[in-house]
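Read the figures in this text as sums done on the coordinates, not as results from a lab. Note that this is a predicted model, so its numbers are computed, not measured. Here the Cβ is made from the backbone with ideal geometry for all residues, glycine too, and neighbour counts use every protein chain on show.
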Amino acid sequence: MTDVRVALALSGAVGRHGQLQAIKPLSLTIAENEVLALIGANGAGKTTLMRMIAGLHSFAEGALQLFGQDVTAMSAHDRVKAGIALSPEGRRLFGDMTVRENLMIAAENGRRGEWTLPTACDAFPQITPLLDRPAGGLSGGQRQAVAIARALVANPSVLLLDEVSLGLSPAAVDGVYQSLAGLRGKMTMVVVEQDLTRAMEFAGRLICMAEGVLELDGNPATLTRDQITNAYFGIHKTAEASHA
Ligand code: ATP
């Protein structure tokens, strides 16, 4: 049996926004090269969790290990150097800069490796004709592709993708997922996806959060729609039984 390495290990992670405990003590391990989809209703805590892993939101309690190294106290910048890259919700590109400049900055701040501007353009061919255009003028789908490529050129071992299909046309979503499929087996991916069908098709593991709690963790091929819907709305079996 081959040993599967643990890429990310969260233990007792708590995330707060002031008084609000947006992430309740949460423990989770994600294997090397695993593709995990994170789903949940608005306000479930998905973005907060992704930002905590990326080092953009501090841990109120608990810890994060990356391949066995404790990175809880590490800055976001250092976590990029250690191999964690986030493509954030809302994309957050530098709008006045060209696509090329956006990618070059990310490459300079990241790790060296197989992902460079040319290889990222091979993976996301829709970017090539856009390289010299200001990022601010791109469509939603184009911005998303650039945002993911920007994370990619940092050569992450863990790629975090927040709200992949939000606001994109079906054709743009298809294009982005086609490119993401090519990254399978090369890195660990955690994808926040509001399109459940898409999440279940793409990921080998699905987790669902509700109000900061991990409600469901399983293989999309064996989970039922009912299980997922209940988890999505935070409906527990015991509550169901008492209403029966
Ligand atoms: P969405 O799909 O709407 O992005 P989400 O699952 O990503 O939702 P979060 O954005 O992580 O959820 O929000 C989790 C909780 O934290 C929510 O109750 C939200 O209102 C709260 N929250 C998020 N950001 C802030 C903030 N900057 N200040 C205060 N509360 C916040």
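In plain terms, the C-alpha convex hull of the stretch 6-243 casts an average shadow of 13.1 nm² when viewed from every direction. What is the stretch 1-157's relative contact order, in percent, from Cα pairs under 8 angstrom and six or more apart in sequence? Reported as a whole number, the value is 22 percent.
Electrostatic tally near Phe67: other residues with Cβ closer than 10 Å to its Cβ, Lys and Arg +1, Asp and Glu -1, net 0.
Using only side-chain charges placed at the Cβ, +1 for Lys and Arg and -1 for Asp and Glu, the dipole size of the chain relative to its Cα centre rounds to 320 debye. So, in Å, what gap is there between the alpha-carbon centers of the stretch 115-148 and the stretch 151-196? Each part's Cα centre sits 13 Å from the other's.
Give the order of Ser11, Ser75, Ser87 when sorted by the count of other beta carbons within 10 angstrom, beginning with the fewest. Don't skip to the end; give the middle numbers.
On the way: Ser11 16, Ser75 11, Ser87 26.
Ordered by Cβ neighbours within 10 Å, fewest first: Ser75, Ser11, Ser87.
Which order do peptides 45-55, 132-142, 100-110 fall in by mean Cβ count within 10 Å, highest first? Please report the intermediate quantities before stating the final value.
Working: 45-55: 22.8, 132-142: 16.2, 100-110: 17.8.
So the peptides 45-55, 132-142, 100-110, ranked by packing, come out 45-55, 100-110, 132-142.
Could you order peptides 184-196, 119-131 by the average number of other Cβ atoms within 10 Å of their residues, highest first? Spell out each step's value before the answer.
Numbers: 184-196: 19.5, 119-131: 17.6.
Ranked from most to least packed, the peptides come out as 184-196, 119-131.
Listed values for the stretch 154-160 are Karplus-derived 3J(HN,Hα) couplings in whole Hz (6.51 cos²θ - 1.76 cosθ + 1.60, θ = phi - 60°), namely 7, 6, x, 8, 10, 10, 9, and x replaces Gly and Pro.
Can you give the net charge of the other residues whose Cβ lies under 14 Å from the Cβ of Ala123, counting K and R as +1 and D and E as -1?
Values: positive: Arg150, Arg184, Lys186; negative: Glu114, Asp122.
In short, +1.
Can you pull the percent of Cα pairs in the stretch 1-142 with separation above 17 Å? Distances greater than 17 Å cover 68 percent of the Cα pairs.
Using the Kirkwood radius over Cα pairs, work out the Stokes-Einstein diffusion coefficient for the stretch 1-58 at 25 °C and 0.890 mPa s, in µm²/s as a whole number. Answer from the Stokes-Einstein relation: 195 µm²/s.
Only beta bridges with both residues in the chain are counted; by DSSP, about 55 percent of them are antiparallel.
Per the helix-only calculation at 222 nm, which mean residue ellipticity applies to the chain, given -39500 (n - 2.57) for every DSSP H run of n ≥ 4 and division by its residues, nearest 500 deg cm²/dmol? Walk me through the numbers before you get to the answer.
Values: 9 runs with 81 residues, N = 244.
Only helices count here, giving -9500 deg cm²/dmol.
Using only alpha carbons, build the gyration tensor for the stretch 121-228 and give me the equivalent ellipsoid semi-axes, biggest first, whole Å. The partial results should precede the final answer.
On the way: eigenvalues 149, 44, 31 Å².
Computed over the stretch 121-228, the values are 27, 15, 13 Å.
Computed over the Cα atoms, what is the radius of gyration of the stretch 137-186 divided by 2.2 N^0.38 Å, N being its residue count?
Numbers: Rg = 10.8 Å, N = 50, 2.2 N^0.38 = 9.7 Å.
Output field value: 1.11.
Ala151 sits among other residues whose Cβ lies under 15 Å from its own Cβ, and their net charge, with Lys and Arg +1 and Asp and Glu -1, is +4.
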